[in-house]
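Chemist: What follows is a structure written as structure tokens; I'll ask about it next.
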Amino acid sequence: MAEPNPPSTVLTVFELPADAFALDSFVVAVILAMAAITVLTKVGGIWLVRHVELSDRLEAGFSVLPGAIVIAVLGPELAAGGPAEWGAAGLVLLVMWRTESILLALCAGVGGIVALRAVL
Amino acid sequence: MAIDTDASDGPESVLSDVSERGDEGPQASESGSDAPSAESVTFEWDGVRAGFLTCLPVALGVGGYGIAFGVLANQVGLSVAEAALMSATVLAGASQIVAVELWADPLPVAAILVTVFAINLRYSLMGAALQPWFRHLRSSRVYGSLFFMADENWALTMRELTSGSGRGAFLLGSGIAMWLFWVGSTIVGALAGETVGDPTQYGFDFILAAVFVALAAELWEGRSSLVPWLVALAVSVVAATLVPGRWYILLGGLAAASVEVIRYDG
């Protein structure tokens, strides 16, 4: 029954990932609580609309959600960017329009942003 | 409803909603019972496979972020196993990165949990937006698929479903691709530590925006989209400067929906 080495010396000298598989029970509990909360947010909205009868008026509101969410994600993201981001976004739009291929559009966007950031 | 009306544009879609409701009368599908009349939305391997393959290149790019998250988690003292556990069970990139930035010695548990909730609340809205198609699916399939929902594969799934393919399992398949790359890249990042550079230098930070621009191009329905989109744009941009976190997404979406509710009938 050898006494365990004081772990601090080993860790501070080498910083080996010797504890790579360590699972602190408190940390695990916090992570699982984060997971539970996230699942609630992912499932909560659709649970609500599956259990509450929506009027036609409310359904009309829900029908604009997809586009509105997309714009609400994009707007501030692009507003925080600069000419490089705007140019690359325009490139994605253009390629999407011409080819209807999401893969090509993404490649154009990522390639474009790298190039534009290097140039601008 | 929206699946049948994708050829229509503008106010007609609202009208056809109403008339369709009249035709069908009381719906049996609201309780999630798998009625044989479950129109054209299926839940099959074909959909899982299509979602997985479509999402692969996107998931590969998201992996760039997973590496960044792993590096960050490693720096604040999470073990590789703990970082991987978080990616495998939470599967919501932005909230994980912010949570890890809050990580400190006496863990600020309440702050972390509240922040995670606030950042991820937008998923409620995104999930609800899938209901027109998911109403035809059994509850277990809906909720099981939603565990795998992240921004990027939600966007790809909306694109798939609005195109009318009726592949209800697309979210699950694309989510599995996201999950594999997210967890795998977290492990790589946590092991590699500081040796990996900034993901912005490879343009990975632009992938989310690129996916959403592509989706916007497809969701545009002509003039009927103009008002809700402008409302969402104005509210989200203003809210982003005034409110911390990601509340602006929720606020922008809700504002647009509210305006549409008010305009309805008009």
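Chemist: Answer yes or no: is there a residue in segment B:162-177 that is in a helix (DSSP H, G or I), more than 16 Å from B:Ala59 (Cα to Cα) and either assigned by TED's automatic domain parsing to the domain that holds B:Phe69 or polar (S, T, N, Q) (or both).
Modeler: Yes, the conditions are met somewhere in segment B:162-177.
Chemist: Hey, another quick one. Search segment B:215-232 for residues being assigned to a helix (DSSP H, G or I) and more than 9 Å from every other protein chain (Cβ to nearest Cβ), and hand back the single one that is modelled with the lowest pLDDT.
Modeler: The qualifying residue modelled with the lowest pLDDT is B:Arg223.
Chemist: In segment B:149-166, what count of residues is obtained for those that are over 11 Å from the mean Cα position of the chain (by Cα) and modelled with pLDDT of 95 or more? Talk me through it step by step, then tell me what you get.
Modeler: Filtering segment B:149-166 down to residues over 11 Å from the mean Cα position of the chain (by Cα) leaves B:159-166.
With the extra rule that they be modelled with pLDDT of 95 or more, the set shrinks to none.
Qualifying residue count, segment B:149-166: 0.
Chemist: Please indicate, with yes or no, whether at least one residue in segment A:36-46 is at pLDDT 90 or above, under 22 Å from the mean Cα position of the chain (by Cα) and hydroxyl-bearing (Ser, Thr, Tyr).
Modeler: yes
Chemist: Does B:Ala111 qualify as being modelled with pLDDT under 95, assigned by TED's automatic domain parsing to the domain that holds B:Val183 and buried (at least 24 other Cβ atoms within 10 Å of the Cβ)?
Modeler: Values: modelled with pLDDT under 95: yes; assigned by TED's automatic domain parsing to the domain that holds B:Val183: yes; buried (at least 24 other Cβ atoms within 10 Å of the Cβ): no.
No; evaluated as a whole, the condition is false for this residue.
Chemist: What residue, of B:Phe206, B:Phe212, is in contact (Cβ under 8 Å) with a residue 40 or more places away in the chain and within 7 Å of chain A (Cβ to nearest Cβ)?
Modeler: Values: B:Phe206 fails: in contact (Cβ under 8 Å) with a residue 40 or more places away in the chain.
After ruling out the rest, the residue left standing is B:Phe212.
Chemist: Between A:Glu77, A:Glu53, A:Glu100, A:Glu85, which is closer than 22 Å to B:Tyr264 by Cβ and either among the acidic types (Asp, Glu) or touching a Leu at 6+ places or on another chain (Cβ under 6 Å) (or both)?
Modeler: Among A:Glu77, A:Glu53, A:Glu100, A:Glu85, only A:Glu53 is closer than 22 Å to B:Tyr264 by Cβ and either among the acidic types (Asp, Glu) or touching a Leu at 6+ places or on another chain (Cβ under 6 Å) (or both).
Chemist: Given the condition touching a residue at least 24 places away in the same chain (Cβ under 8 Å) and surrounded by 22 or more Cβ atoms within 10 Å (Cβ to Cβ), answer yes or no: does some residue in segment B:94-103 qualify?
Modeler: Checking segment B:94-103: at least one residue is touching a residue at least 24 places away in the same chain (Cβ under 8 Å) and surrounded by 22 or more Cβ atoms within 10 Å (Cβ to Cβ).
Residues checked against (1) at the interface with chain B (Cβ under 7 Å from one of its Cβ atoms); (2) surrounded by 24 or more Cβ atoms within 10 Å (Cβ to Cβ); (3) under 25 Å from B:Val213 (Cα atoms); (4) charged (D, E, K, R):
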position	(1), (2), (3), (4)
A:Leu32	yes, no, no, no
A:Ala36	no, no, no, no
A:Leu40	no, no, no, no
A:Gly44	yes, no, no, no
A:Leu65	yes, yes, yes, no
A:Val73	yes, yes, yes, no
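Chemist: From B:Gly245, B:Gly252, grab the single residue that is touching a helix residue (DSSP H, G or I) at 6+ places or on another chain (Cβ under 9 Å), touching a residue at least 12 places away in the same chain (Cβ under 8 Å), under 29 Å from B:Asn74 (Cα atoms) and not assigned by TED's automatic domain parsing to the domain that holds B:Val100.
Modeler: B:Gly245
Chemist: Just give me the residues in segment A:71-120 being part of a loop (DSSP other than H, G, I, E, B) and not small (Gly, Ala, Ser), in sequence order.
Modeler: Once the filter is applied, which keeps residues that are part of a loop (DSSP other than H, G, I, E, B) and not small (Gly, Ala, Ser), segment A:71-120 yields A:Glu100, A:Leu120.
Chemist: If you go through segment B:220-229 one residue at a time, do you hit one that is among the hydroxyl-bearing types (Ser, Thr, Tyr) and surrounded by 15 or more Cβ atoms within 10 Å (Cβ to Cβ)?
Modeler: Yes, segment B:220-229 has at least one match.
Chemist: Let me ask something else. Do you know which of the residues in segment B:134-152 that are of a type in the set (Ser, Thr, Tyr) and in contact (Cβ under 8 Å) with a residue 24 or more places away in the chain is farthest from the other protein chains (Cβ to nearest Cβ)?
Modeler: B:Ser145
Chemist: Checking A:Leu120 against (1) surrounded by fewer than 18 Cβ atoms within 10 Å (Cβ to Cβ); (2) of a type in the set (A, V, I, L, M); (3) within 30 Å of B:Glu260 (Cα to Cα); (4) modelled with pLDDT under 90: exactly one of these is not met. Which one?
Modeler: A:Leu120 satisfies every listed condition except (3).
Chemist: Being within 17 Å of the chain's Cα centre (by Cα), within 7 Å of another protein chain (Cβ to nearest Cβ) and among the hydrophobic types (A, V, I, L, M, F, W, C) is the filter here; which residues of segment B:233-264 pass it?
Modeler: Correct list: B:Ile249 only.
Chemist: If you take the residues in segment B:114-131 that are more than 7 Å from chain A (Cβ to nearest Cβ) and surrounded by fewer than 23 Cβ atoms within 10 Å (Cβ to Cβ), which one is nearest to B:Ala257 (Cα to Cα)?
Modeler: Per the criteria, the residue is B:Ala118.
Chemist: Next up: Would you tally the residues in segment A:75-117 being in contact with an Asp or Glu (Cβ under 9 Å, 6 or more places away or on another chain) and either loosely packed, with under 15 Cβ neighbours inside 10 Å or touching a residue at least 60 places away in the same chain (Cβ under 8 Å) (or both)?
Modeler: Adding up the residues that qualify gives 1.
Chemist: If you take the residues of segment B:153-169 that are facing another protein chain (nearest Cβ under 9 Å) and either in contact with a Cys (Cβ under 6 Å, 6 or more places away or on another chain) or not polar (S, T, N, Q) (or both), which of them is nearest to A:Ser63 (Cα to Cα)?
Modeler: Let us first name the residues in segment B:153-169 that are facing another protein chain (nearest Cβ under 9 Å), namely B:154-156, B:158-159, B:162.
Keeping just the survivors that are either in contact with a Cys (Cβ under 6 Å, 6 or more places away or on another chain) or not polar (S, T, N, Q) (or both) gives B:154-156, B:158-159.
On the way: B:Trp154: 16, B:Ala155: 15, B:Leu156: 17, B:Met158: 12, B:Arg159: 14 Å.
Across segment B:153-169, the extreme among qualifying residues is B:Met158.
The values are calculated or read from the model by the stated rules, or taken from the named source; none is laboratory data. Not measured: the values here are computed from a predicted model. As a convention, Cβ positions derive from the backbone with ideal geometry for all residues, glycine included, and neighbour counts pool all protein chains shown.
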